[in-house]
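FYI, it's all coordinate maths here, none of it is from the lab. The model shown is predicted, which means the values in this text are computed figures rather than measured ones.
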Amino acid sequence: MKKNSWKVGVFTVVGLILLLTETCTKPAPVDMAINGRNIYYTRCVFCHKLSGERLVGPGLKGVTNVLSEKWMMNTFTHLDRMVKNDSDIMVQFKADCGLKGQGKNLTEEQAHQVIEFLKLNDADTTGAQ
């Protein structure tokens, strides 16, 4: 039994290293939200308010409670393709915004980060932005 105990120890250590590496290299939702906030304030703020109030584009308060994450990812990364879609949301988007967001696609990583920021914004009940 003692002969193989070192193998168990090695596999345990290797497993812990892999687990810690995965945990440490994967950004936490809060870190993603901080990056998403920075993206919002450099790319989105000119047309979208964090409240429900419309600016050029629709207000974003409550958006993560209404739209699926998959839909938001597709819209943020392929807005031009989504605008061509005839869904009810896009028909309203075309009417409200006149396609002004076209060409401002985010990378998938940026889109994930903005979504995490919007989730925090939707969870905020203080009204602070």
*Net lengthening on full extension, S68/V30 (0.36 nm per residue, minus Cα-Cα)*: 11.7 nm
*Amide H within-cut-off set for R54, under 5 Å, with H built and near neighbours excluded*: G59
